[in-house]
1. If you scan the stretch 146-166, which residues turn out to be away from ligand 2 (no atom under 15 Å from the Cβ) and within 12 Å of the chain's Cα centre (by Cα)?
2. Return the residues of the stretch 42-75 that are farther than 25 Å from R87 by Cα, within 16 Å of ligand 2 (Cβ to nearest atom) and not acidic (D, E); say none if nothing qualifies.
3. Taking the condition of being more than 14 Å from L185 (Cα to Cα) and in contact with a Pro (Cβ under 8 Å, 6 or more places away or on another chain), how many residues in the stretch 68-90 meet it?
4. Could you check how many residues of the stretch 278-296 are of a type in the set (A, V, I, L, M, F, W, C) and more than 18 Å from P153 (Cβ to Cβ)?
5. Checking Q252 against (1) over 19 Å from V37 (Cα atoms); (2) touching a helix residue (DSSP H, G or I) at 6+ places or on another chain (Cβ under 7 Å); (3) polar (S, T, N, Q), only one condition comes out false. Which one?
6. Tally up the residues in the stretch 198-220 that are closer than 26 Å to K338 by Cβ and of a type outside the set (S, T, Y), please.
7. Can you list residue pairs whose Cβ atoms sit under 9 Å apart, with the first residue in the stretch 209-229 being closer than 19 Å to I191 by Cβ and among the hydrophobic types (A, V, I, L, M, F, W, C) and the second being modelled with pLDDT under 70 and assigned to a loop (DSSP other than H, G, I, E, B)? Count only pairs 6 or more apart in sequence or on different chains.
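The values are calculated or read from the model by the stated rules, or taken from the named source; none is laboratory data. Keep in mind it's a predicted model, so treat the numbers as computed, not measured. Here Cβ is always computed from backbone atoms with ideal geometry, including for glycine, and neighbour counts include all displayed protein chains.
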Amino acid sequence: TQHWKLSTHISEYDEAIVEAAELLKQQQVVAFPTETVYGLGGDATSATAVQRIFDAKGRPADNPLIVHVADQSHVEELVTEIPPIARKLIEQFWPGPLTLILPSNGTAAENVTAGLSTIAIRMPDHPVALSILKAAGKPLAAPSANRSGRPSPTEAVHVAQDLDGRIAGIVDGGPTGVGVESTVLDCTARIPIILRPGGVTKEDLQPLIPEVIVDPALAAQGSKPKSPGMKYAHYAPEAPLWLVDGDVSFFQDQINQLQAVDKRVGVMASHELADALDHSRTLRCGSRNNLAEVAGNLYGALRQFKKADVDVILCEAFPDHGVGAAVMNRLSKAAVQKVIQ
Ligand code: TXA
Ligand code: MG
């Protein structure tokens, strides 16, 4: 695996960008930063490249990938039509963390869409991702650059932990900003449906789509979500994670009870809760009043707890509004257990 580290000034003529693009043109797969998480890119029109992505990640073949474009005109080449509402959303939110599900015209390799008649497309808001897309001159399929089931990577070192030796290259452009993945929005129905909450919030979408709903299957146990990826176990840290929803004394009781039976407890909490608890092994992920900060630190914190150090992770339940909806969606999927007051 080749490693490149980029400075702040980036153009499509940078050596790292040119070399990464060259590998992509040869159907190889390369990890690079987007504004959400690091992606593992491959030519979306090449079944060989796409298969390499699935193999490197150990991803189930029935879980389709997001195709990334640097230019709006490239969307037309991949779909049969762009509904008017999708055009408005593109106008307002691209480049940015919003993925649109549109009717595929079959130009993308068949394994990108896992055989579905629809295709997921977004334009990332990151200079490195955009430069690589331009230099490669192809739409790039890019799922998060982690081994399947693990927390998504928000730094190049996370990618290396999971994929070193399994992929052709890693472009290090520093930590990503948003920290959780893009919002996946199905635009093939009359009223668009949020299939995965993410960086663009429901509240952000409502001025344009007042009727927008979240796929009800995401909240219901045992029902089948419309987005294939949402049915898999995901984002799992090394130690089992319990999601704790209650006040400070309830949280402290949970810690004490586990310690009483000799469990080594790791805590993931806001500054507010961390300050109120009496516990040393606590990782802070930001303020309860700044959920964007919590989102930005979420996956890094999940990766920091090692099996060797903790037996169980107790994690605070965060407010479910704004980007908190994405945070809670990921934590619910990472959790083996919910402890509610
Ligand atoms: O922020 C992101 O979206 C990152 C960065 C790298 O762009 N990418 C990412 O990709 O999160 P991935 O593959 O980890 O997640 C793609 C999600 C999965 O839940 C998948 O099931 C869903 O999008 N998806 C892809 N194509 C779909 C389709 N045609 N219909 C419904 N869901 C689809
Ligand atoms: Mg992923």
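1. none
2. Filtering the stretch 42-75 for residues farther than 25 Å from R87 by Cα gives 42, 46-63.
Next cut, within 16 Å of ligand 2 (Cβ to nearest atom) only: 42, 50, 53-63.
Residues satisfying the conditions are G42, V50, I53, F54, A56, K57, G58, R59, P60, A61, N63.
3. 8
4. Residues of the stretch 278-296 of a type in the set (A, V, I, L, M, F, W, C): 283, 285, 291-292, 294-295.
Restricting the remaining residues to those that are more than 18 Å from P153 (Cβ to Cβ) gives 291-292.
Matching residues across the stretch 278-296 total 2.
5. Just one mismatch for Q252, condition (2).
6. Going through the stretch 198-220 one residue at a time, the tally reaches 12.
7. So the pair list comes out as A217/S223.
Per-residue answers, yes or no, for (1) at pLDDT 95 or above; (2) under 10 Å from T34 (Cα atoms); (3) assigned to a strand (DSSP E or B):
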site: R147; (1), (2), (3): yes, no, no
site: T154; (1), (2), (3): yes, yes, no
site: V171; (1), (2), (3): yes, no, yes
site: V180; (1), (2), (3): yes, no, no
